[in-house]
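Engineer: Input: one structure, supplied below.
The values are calculated or read from the model by the stated rules, or taken from the named source; none is laboratory data. This is a predicted model, so every value here is computed, not measured. Here the Cβ is made from the backbone with ideal geometry for all residues, glycine too, and neighbour counts use every protein chain on show. Heads up: the accessible areas ignore ligands, DNA and RNA and are worked out on the full protein's heavy atoms, side chains in. Shrake-Rupley method; radii C 1.70, N 1.55, O 1.52, S 1.80 Å.
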Amino acid sequence: MKNFAAQLLLVIIYFLINSRNGIEASTHDNNIDHIKYRIPEEQPYRTSYHFQPPQNWMNDPNAPMYYKGVYHLFYQHNPYAATFGDIIIWAHSVSYDLINWIHLNNALEPSDSFDINSCWSGSATILPGEKPAILYTGIDQNKHQVQNLAIPKNISDPFLREWQKHPQNPVMTPPSGVEENNFRDPSTAWHGKDGKWRVIIGAQNGDEGKTILYQSEDFVNWTVNPNPFFATDNTGVCECPDFFPVYINSTNGVDTSVENSSVRHVLKISYLTKQHDYYFVGRYVSGQEKFNPDVTFTGTSKDLRYDYGKFYASKSFFDYAKNRRILWGWVNESDTTQDDIEKGWAGLQTIPRQVWLDKSGKRLIQWPIEEVENLRNKQISITGKKLEGGSTLEISGITASQVDVEVLFDLPELENGEWLEDPSEVDPQLLCSKQYESRSGKIGPFGLLALASKDLTEQTAVFFQIYRTSNRYLCLMCSDQSRSSLRQDLDKTTYGTIFDIDSNLKTISLRTLIDKSIIESFGDGGKACITSRVYPLLAIEKDAHLYVFNNGSQSVVISQLDAWSMKQAEIGHEGNINCA
Ligand code: DQQ
């Protein structure tokens, strides 16, 4: 008996030691079968400064707004599981700086025939007299999609904790020429010069994806415009449309209702069949209630996207406190559903981005909001360091699993770039699929190896490579997840995009926000963005490393590199903040 007790004790001690150590294998052990997963409570992948609900599933950001000194974020949430569910509600959090968050009670839950089967996405509009109003999609008792109105119970509460649904709901039902189950996601409304409100709704009819415009004088009674505001073929439903003006010559944001010669307009559509957010710069023809994009949708890699990685159902708002337009986007998982369930959560929001129109007038620039810099802690800097082709340099002394890194590379003569015969034929994602060591690059590939293990068996390479054609220069930007984890069951798609660069370009910048299982990269000052979700087995916590590398035949110089370990954001329930 004594013997049995001793044996039992040994088994328990063995078990405890192994579960504490988490991963058993050494960093040189490539055989996945020998690697034991960390116990879920240790949560090495839960982010420390990105917005996440306390638990369970999150998808689209909803109704972001600034109201009486407080930022609001609502989001699509399954309160019961870490998977998308039959019942989706609006969860609600508030913040004073868009980085530290207080979770409040749910704002909208199914309650009436017009939303009894879920409260889907929608947007906020601040009505005259500083009165916020929300338009959202209800899945009604027949499982049809309808639009509903909700207003705060008490507008003197800056947290806007309680919302009441309007007695005239639904305020919009599927019009003719729109499928009953493909009519959703009202945008923020704008106020026309004729005093009427306008809002667009995502829709589909057969092969045609479209956005439908409604008008109203009182925000309750809405009339549909018979002609689509914007339409494309073979794209599925146009989810979560976002429509807003941008200044032609300023990084400042502008209120959604502004329409004059200083602004252009942007329409963003989340195409269901593509699962990407595409945007179009163009002209809003207010008299005809139409949007004319400067370039049409091609369904190829030429179309402009906010982000070339995981990023969907985004929504922007005008932050009148700081005169800027802020963009939120949902970052989906690359992990398996089973692992999401075991971790107990799924879905992130990006770090909010400021957006403005590039000087070229052709594309948007995105940059992490300045408030994220308040989390910057220990700093490491490198200046004037030459990186010969084939070299790798570790950026040590920072917490590589939780870091903000900005690198400015001095470029050699662009004439030395790789020749590209016909850029219109290029699929950047395909071009990125070759790993950087086997690329025969001249200027590049150079960039960062993020969330890398010491022996580099795990790494996510975020890099540039410069190309030239007969009349212009191009930069390929890639995020290669193929070696992001020793696990085989993850989505490891490699992402990429290619963009024009100025023939006089002497430097190019790369900023990357790394946070446990997310890598958000901003190329060339925010011209191109790629967000990745990665789940390394080895490169976690103290075993994560960060490197800068060059594998082109030409050397590049790190003109300036700054990397900061990032502090944890304070995200938690009211009265219980501290747990991200
Ligand atoms: N997510 C919502 C819909 C929207 C989709 C449902 C986009 O309203 O079209 O959670 O991700």
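Engineer: Please give me the summed charge of the neighbours of V407: other residues whose Cβ is under 9 Å from its Cβ, Lys and Arg +1, Asp and Glu -1.
Structural biologist: -1
Engineer: For the chain, with every protein chain kept in place, what is the accessible area per residue (1.4 Å probe, Å²)?
Structural biologist: 39
Engineer: Also, I was wondering about something else. What is the local net charge at N78, summed over the other residues whose Cβ is closer than 15 Å to its Cβ (Lys, Arg +1; Asp, Glu -1)?
Structural biologist: -4
Engineer: For K274, what charge total do you get from the other residues with a beta carbon under 11 Å from its beta carbon, if Lys and Arg give +1 and Asp and Glu give -1?
Structural biologist: -2
Engineer: Over the heavy atoms of T457, what accessible area does a 1.4 Å probe trace out, to the nearest 10 Å²?
Structural biologist: For T457, the solvent-accessible surface is approximately 40 Å².
Engineer: Next question, about the same structure. Testing the spin-label approximation: label points 7 Å from Cα along Cα→Cβ at S433 and K362. State their distance in nm.
Structural biologist: 2.7
Engineer: Between T296 and K322, take the C-beta separation as r, use R0 = 41 Å, and let me know the FRET efficiency to the nearest 0.05.
Structural biologist: 0.75
Engineer: Still on this structure, please answer the following. Could you give the radius of gyration (one decimal) and Dmax (whole number) of the Cα atoms in region 476-580, in Å?
Structural biologist: For region 476-580, the Cα radius of gyration and maximum Cα-Cα distance read 16.8, 57 Å.
Engineer: A further question on this structure: Using the Cα atoms of region 386-509 to build a convex hull, what is its mean projected area in square nanometres?
Structural biologist: Dividing the Cα hull surface by four gives the mean projection, 8.4 nm².
Engineer: Multiply the residue gap between N471 and E388 by 0.36 nm, knock off their C-alpha separation, and tell me the result in nm, one decimal place.
Structural biologist: So the extension gain works out to 27.1 nm.
Engineer: Additional query: When the accessible area of region 373-566 is computed with all protein chains present and a 1.4 Å probe, what percentage of it is carbon and sulfur?
Structural biologist: Of the solvent-accessible surface of region 373-566, carbon and sulfur hold 43 percent.
Engineer: Just by accessible area at a 1.4 angstrom probe, what is the order of W356, W90 from largest to smallest?
Structural biologist: Order by accessible area, largest first: W356, W90.
Engineer: May I ask you to evaluate 6.51 cos²θ - 1.76 cosθ + 1.60, the Karplus curve with θ = phi - 60°, for each residue of region 435-451 and list the ³J(HN,Hα) values in order in whole Hz, giving x for glycine and proline?
Structural biologist: Each residue's phi maps through the Karplus curve to give 5, 5, 5, 9, 8, 8, x, 9, 8, x, x, 9, x, 10, 10, 9, 6 Hz.
Engineer: While we're looking at this one, here's another question. Counting only helical runs of four or more DSSP H residues, what would the 222 nm mean residue ellipticity of the chain come to if each run contributes -39,500 (n - 2.57) and the total is spread over all its residues?
Structural biologist: Counting only the DSSP helices, I get -1500 deg cm²/dmol.
Engineer: Set the Förster radius R0 to 30 Å, insert the Cβ-Cβ distance between D491 and D233 as r into 1/(1 + (r/R0)^6), and round the FRET efficiency to 0.05.
Structural biologist: Calculated transfer efficiency: 0.60.
Engineer: Separate question: Working out 0.36 nm times the residue gap between Q168 and S424, then minus their Cα-Cα distance, what length gain in nm do you get to one decimal?
Structural biologist: 87.0 nm
Engineer: Amide H to amide H under 5 Å from R487: which residues, 5+ apart in sequence or cross-chain, H placed 1.01 Å off N in plane?
Structural biologist: L537
Engineer: Stretch K506-D410 to full length: gain in nm at 0.36 nm per residue minus the Cα-Cα span?
Structural biologist: Stretched out fully, the K506 to D410 stretch lengthens by 34.0 nm.
Engineer: Between N249 and S176, what's the calculated FRET efficiency when r is the beta-carbon distance and R0 is 41 Å? Round to 0.05.
Structural biologist: After rounding, the FRET efficiency stands at 0.45.
Engineer: Can you run phi through the Karplus equation (6.51, -1.76, 1.60; θ = phi - 60°) for region 201-211 and list ³J(HN,Hα) in whole Hz, with x for Gly and Pro?
Structural biologist: Running phi through 6.51 cos²θ - 1.76 cosθ + 1.60 with θ = phi - 60° gives 10, x, 7, 8, 9, x, 7, 8, x, 8, 10 Hz.
Engineer: Would you please give the residues with an amide H less than 5 Å from that of I518, counting only those at least 5 places away or on a separate chain, with H modeled from the backbone geometry?
Structural biologist: When sequence neighbours closer than 5 places are left aside, the close amide H contacts are V534.
Engineer: Each residue of region 496-508 in turn: what ³J(HN,Hα) in whole Hz from Karplus with 6.51, -1.76, 1.60 and θ = phi - 60°, glycine and Pro shown as x?
Structural biologist: Here the 3J(HN,Hα) series is x, 8, 10, 9, 5, 10, 5, 5, 9, 4, 10, 9, 9 Hz.
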